[in-house]
Amino acid sequence: MTVAAPIRVLSDAVINQIAAGEVVERPASVLKELVENAVDAGAARIEVDVVDGGRRLVRVRDDGSGMDRDNALLSIERHATSKLRELKDLDSIVTMGFRGEALAAIAAVSQFTLITNRAESPAGTEILVFGGRVQEVRDAGAPPGTDIAVRNLFFNVPARRKFLRSAQTEFNHLRQAFLLQALGHIDIAFSLRADDADVYRLPACHDLQERIRDLYGAEVADHLQPIRFGSGTVTIGGYAGLPPCSRTDREWQVVFINGRPSGSPVINFAIQTAYRDVLPGGRYAPVFLQVDLPSDLVDVNVHPAKKEVRFRRPTEVRDVVIEAIRQAITGPELPGSKRAARSPDRGQGRSVPPVPAPKADAPPAPKSAAPIPTPPVGVIQSRLDWTPLPDSSQELPPAAKSPWSEYRLLGRVGGLYVVLETGEGLVLLDPRAAHERVIYERLLGGLEKGKVPAQGLLPPATVTLSPMQAVAMRKHLGLLRSMGFGVAEFGRDAFLVDALPVWIADVAAGSLLSDLADGLMQGGKMAAREWAQSLIAAIAGRQAMGLQRELTETELHALVRDLARAEMPYTSPRGKPTVILLSFRELNRKFGRE
């Protein structure tokens, strides 16, 4: 028989180490907590030094407000903070940190040195802590601000230290934590040194895209579109990436909620939904999202490391994020487009170098396409000709934002793909995927404008729904009529269907209306739109499947121009790429010319 151990109160040392397990997972956690404190102290410059992936040293220096001796000693006590006074203050947290346990938890599992000074003080304070025990407190000559060095993390907790990974792995986590802080506070200058070598030196800036360019490079920054959208309560800003720029993980997807780098399943779902018909499965576009809403509508105190938040109105946040991203990636023109090059106020993205005008004997356009302006003769000495898109003075939809303003048809590859030369490089085009995108947007355009052609049913169908389905159906009858449904109430929970949109006229009205009612119950208008878009995508795919023959050159020119007018020319509605872009810069790099 086993005798239960007596209950005892834990010592402060054990309590601190347990708290460290929640707050300090690895060196990257130390960097995060120290940088957040520097931000809250009003720093204009933050310098980070790490050695051996942070296992031997993580040091953060700032030029913030600093502390006097009494406050410095209090800062390493558990639950000592200047950012929270009462429980109700949790409803309006605006600082990065607030629990008052980070420094105590870090000091409990490291060799910890804190040097701090206020601008008006004659001398600063230096505190040495060894495994949670204060060893020495003394005056120190120091500039205004705070300098914290954390050495030999988990030296006194072998069970935790053995779970640290290699120096390179830990540095990768450190670097990611640094990037989040640098992106979240672009008005602060940051630097990162690893093993006495400079990794980043970032000046303060006023534009998030500048900071993204410094951290991720021009290839990512030039494929971003600005996000500016709001619902009155929720405001969305930042940048959304266009489909040609994507990767197989979410490293380029960063979310800030009221300035705090954090996440939420609601936000992740919204980003995934916004790109669902644009990217193939397993690909993720860069998204740098800033979500702002009243502090009393978001709970930041739900995760030990403050990595996740909870919203009081999650449905509203989800819908606003989806709409914001969709407008960003299908609304403004792309960098490098003809309109973008003309725009005097963009200031972002690349301009297209002038491309020679086409020859007079360019392939004739089909009657359905806008006429091609007559070009000067003999500009290009080549057997193939440049073919411009219709000039801006002619009828051209506002969403003409393909990655080419003029192109030259070079030929076909493998009987399946088409090769174009543009002012930016080479474009490989899949005609079937492009045709699918064109059909999809034509059908979707009618849906968005409420001009979907309908086909009458003879005889009309009577559909009886459950009471809950009937309530949802009555609420959205106007929406359904704009989508091409002829639906009217026909009794208590019954509806008369006398017309269906032409693209689903062959579907049984009973099961169709029941499925649609279920979607309306769950997500309202958003669910109905998504249901319709998914169905239209399937129909576009079936129609494009009929494109088995090889297109003539005239048909190819018409398809290229139709794709250029598409809101999202890069992918089919099922997320498959319509084009693959090879810029001259990339070609030069592959051939060793850079």
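Coordinate-derived values only; no laboratory data. Values in this document were obtained by computation on a predicted structure and should not be read as measured data. Cβ: placed from backbone, ideal geometry, glycine included. Neighbour counts: every protein chain shown.
Taking a point 7 Å from the Cα of Q168 along the Cα-to-Cβ direction, the residues of segment 49-68 with backbone N closer than 14 Å to it are 53. With R₀ fixed at 56 Å, the C-beta to C-beta distance from T552 to A218 puts the FRET efficiency at about 0.90. Centre-to-centre, using Cα atoms only, segment 470-488 and segment 548-578 are separated by 34 Å. Distance between Cα centroids, segment 198-255 to segment 39-71: provide it in whole Å. Using only Cα atoms, the two centres lie 26 Å from each other. Calculated FRET efficiency, S295 to R193, Cβ-Cβ distance, R0 = 41 Å: about 0.70 to the nearest 0.05. Each of E406, E323 was scored by other Cβ atoms within 10 Å of its Cβ. Arranged with the fewest first, they read E323, E406. Summing +1 for each Lys or Arg and -1 for each Asp or Glu among the other residues whose beta-carbon sits under 10 angstrom from that of T235 gives 0.
Judged by the mean number of other Cβ atoms found within 10 Å, the most tightly packed of the peptides 25-35, 195-205, 52-62 leads the ranking 25-35, 52-62, 195-205. Here the gap between Q135 and S121, fully extended at 0.36 nm per residue and compared with their Cα-Cα distance, gives a gain of 2.7 nm. The H on the amide N of C205, modeled in the peptide plane, is under 5 Å from the matching H of D187, I188, each at least 5 residues off or on a different chain. Taking a Cβ cut-off of under 9 Å around S572, the surrounding Lys, Arg, Asp and Glu residues balance to a net charge of +1, with basic ones at +1 and acidic ones at -1. When peptides 245-258, 459-472, 264-277, 565-578 are sorted by average Cβ neighbour count within 10 Å, with the highest value leading, the order is 565-578, 264-277, 245-258, 459-472. Of all DSSP beta bridges confined to segment 208-330, the antiparallel ones make up roughly 75%.
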